[in-house]
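Enquirer: Right, I'll just put the structure down here and ask away after.
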Amino acid sequence: MNMKYYLYIDEEKQKREELVNKIRTILYKEKIKRNYLDIVFLCIGTDRATGDCFGPLVGSNLKDILEKYNIYNINIYGTLEKNISYTNINETIKLINKTHKNPYIIVIDAALSKKENIGKIFIKEDKTILGKGLNKNRIEIGNISIKGVVGKDYKIPNYNFNILQNVSLSKVLKLANIVSDGIIEAIRYY
């Protein structure tokens, strides 16, 4: 059964600790169950829309921290310099499957949701569906998804696109820092 975790805690420290515990638990359980060899973080989004840069911000943060501490057994795809978006996701999926044997893919992406969910982090033990919020062909990928809710979903693709363009960068940075710090803490002893 796939589990969905909702992280509703508003206090940053509690949110980070809960995120760390969920990621650590899921990774450990899945590694034992399926013997995944490579961990891949697929950080989706573009730096051309403030709300959609959540994934690339997390990817850049992770890459910098992992390099700083010489941790090379974790793979990062999608940074501010090399965006992974709907336009190049299929090529990236092929590259990941070619490069990594039995990869465990954790997808990190921005999300739109109900107004009361803005600023919250969602973890789901299941594939992520790309293209949903902007009414594009849906692509399913990953073993876990971590989503940062950056704005309200109005269920109207053009309006949602406008929302992603106009999200406060400080809110996106705050969410990205919580997620990247939480991931680093979770995988530090992995």
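Enquirer: Does the stretch 61-84 contain any residue that is small (G, A, S) and farther than 19 Å from I129 by Cα? Spell out the reasoning first.
Expert: Initial filter on the stretch 61-84 (small (G, A, S)): 78.
From what is left, the residues that are farther than 19 Å from I129 by Cα are none.
Among the residues of the stretch 61-84, not one is small (G, A, S) and farther than 19 Å from I129 by Cα, which makes the answer no.
Enquirer: Consider G119 carefully, then state whether it is crowded, with 23+ Cβ neighbours inside 10 Å, touching a residue at least 24 places away in the same chain (Cβ under 8 Å) and farther than 16 Å from I144 by Cβ. Can you show your working first?
Expert: Working: crowded, with 23+ Cβ neighbours inside 10 Å: no; touching a residue at least 24 places away in the same chain (Cβ under 8 Å): yes; farther than 16 Å from I144 by Cβ: yes.
Here the answer is no, as G119 does not meet what is asked.
Enquirer: Another question, if that's okay. Enumerate the pairs (first residue in the stretch 16-28 and under 19 Å from K174 (Cα atoms) and free of Cβ contacts under 8 Å to residues at least 24 places away in the same chain; second residue anywhere and of a type in the set (A, V, I, L, M) and crowded, with 18+ Cβ neighbours inside 10 Å) with beta-carbon separation below 7 Å, excluding pairs fewer than 6 apart on the same chain, so at least 6 apart or on different chains.
Expert: Partner pairs satisfying both residue conditions: E18/L7.
Enquirer: Pull up the stretch 37-58, narrow it to residues that are part of a loop (DSSP other than H, G, I, E, B) and without any contact (Cβ under 8 Å) to a residue 40 or more places away in the chain, then point me to the one that is surrounded by the fewest Cβ atoms within 10 Å (Cβ to Cβ). Please lay out each step first, then the result.
Expert: Let us first name the residues in the stretch 37-58 that are part of a loop (DSSP other than H, G, I, E, B), namely 37, 46-49.
Now restrict to residues that are without any contact (Cβ under 8 Å) to a residue 40 or more places away in the chain: 46-48.
On the way: T46: 20, D47: 16, R48: 11.
Ranking the qualifying residues of the stretch 37-58, first place goes to R48.
Enquirer: So, one more: When both residues are 6+ apart or on different chains and their Cβ atoms are under 6 Å apart, which pairs have a first residue that lies in the stretch 149-169 and is under 20 Å from V58 (Cβ atoms) and buried (at least 20 other Cβ atoms within 10 Å of the Cβ), and a second that is modelled with pLDDT under 90 and among the charged types (D, E, K, R)?
Expert: Pairs found: V149/K120.
Enquirer: Does the stretch 82-102 hold any residues that are of a type outside the set (D, E, K, R), more than 14 Å from Y36 (Cα to Cα) and in a loop (DSSP other than H, G, I, E, B), and which are they?
Expert: N83, S85, Y86, T87, N88 - these are the residues of the stretch 82-102 that are of a type outside the set (D, E, K, R), more than 14 Å from Y36 (Cα to Cα) and in a loop (DSSP other than H, G, I, E, B).
Enquirer: Just the residues that are under 12 Å from I121 (Cβ atoms), outside any loop (DSSP other than H, G, I, E, B) and modelled with pLDDT under 70, please, taken from the stretch 5-36.
Expert: Those that are under 12 Å from I121 (Cβ atoms), outside any loop (DSSP other than H, G, I, E, B) and modelled with pLDDT under 70: Y5, Y6, L7, E12, Q14, K15, R16.
Enquirer: Sort through G148, G142, G182 and tell me the only one that's of a type outside the set (A, V, I, L, M) and at positive phi. Show your work before the answer.
Expert: Numbers: G148 fails: at positive phi; G182 fails: at positive phi.
Going through G148, G142, G182 in turn, just one is of a type outside the set (A, V, I, L, M) and at positive phi: G142.
The values are calculated or read from the model by the stated rules, or taken from the named source; none is laboratory data. What you see is a predicted model, and the numbers here were worked out from it, not measured in a lab. Here the Cβ is made from the backbone with ideal geometry for all residues, glycine too, and neighbour counts use every protein chain on show.
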